[in-house]
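The values are calculated or read from the model by the stated rules, or taken from the named source; none is laboratory data. Quick caveat: nothing in here was measured; it's all calculated off a predicted structure. Glycine also receives a Cβ, built like all others from the backbone with ideal geometry; neighbour counts cover every protein chain displayed.
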Amino acid sequence: MLLDDGILTFTQLSRRHYQRFLLKWIDTGLDRRAIPLMKLKMAIDTSARWGLNNGVWTFGSRSVAEFVRQTKQYTLEGLVDSINNSRLGS
């Protein structure tokens, strides 16, 4: 995967739309608190609704909170220096 817009981790995309307290709930597994707020956001924000629904479907997640947690696995951290592509230059 090569991203040309400066995104090093996929989780940056999914997490930047949420308050810290909500992300803490998600990270610590307090889904009973987090999911209702995420559903509220999805009810009023069509981009959030599409992104989260698509993410849940694509990742095979059981919930929107699980999807946000799963995005942490998708990163180029620690791998960037290993990427070798003649089209990128030296």
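Quick one: Ser61 ticks every box in (1) surrounded by 10 or more Cβ atoms within 10 Å (Cβ to Cβ); (2) at pLDDT below 90 except a single one, so which number is it?
Ser61 satisfies every listed condition except (2).
Do we have any residue at all in the stretch 66-83 that's basic (Lys, Arg), free of Cβ contacts under 8 Å to residues at least 40 places away in the same chain, assigned to a helix (DSSP H, G or I) and surrounded by 10 or more Cβ atoms within 10 Å (Cβ to Cβ)?
First, the residues of the stretch 66-83 that are basic (Lys, Arg): 69, 72.
Checking the rest, the ones that are also free of Cβ contacts under 8 Å to residues at least 40 places away in the same chain come to none.
Within the stretch 66-83, none of the residues are basic (Lys, Arg), free of Cβ contacts under 8 Å to residues at least 40 places away in the same chain, assigned to a helix (DSSP H, G or I) and surrounded by 10 or more Cβ atoms within 10 Å (Cβ to Cβ).
Please note which helices (runs of 4 or more DSSP H) are completely contained in the stretch 8-50 and include at least 1 residues that are touching a residue at least 60 places away in the same chain (Cβ under 8 Å) and either within 13 Å of the chain's Cα centre (by Cα) or under 30 Å from Asp81 (Cβ atoms) (or both). So that I can check it myself, show each step before the final result.
Numbers: elements: 10-15, 20-27, 31-44.
In the stretch 8-50, the matching helices (runs of 4 or more DSSP H) lie at 10-15.
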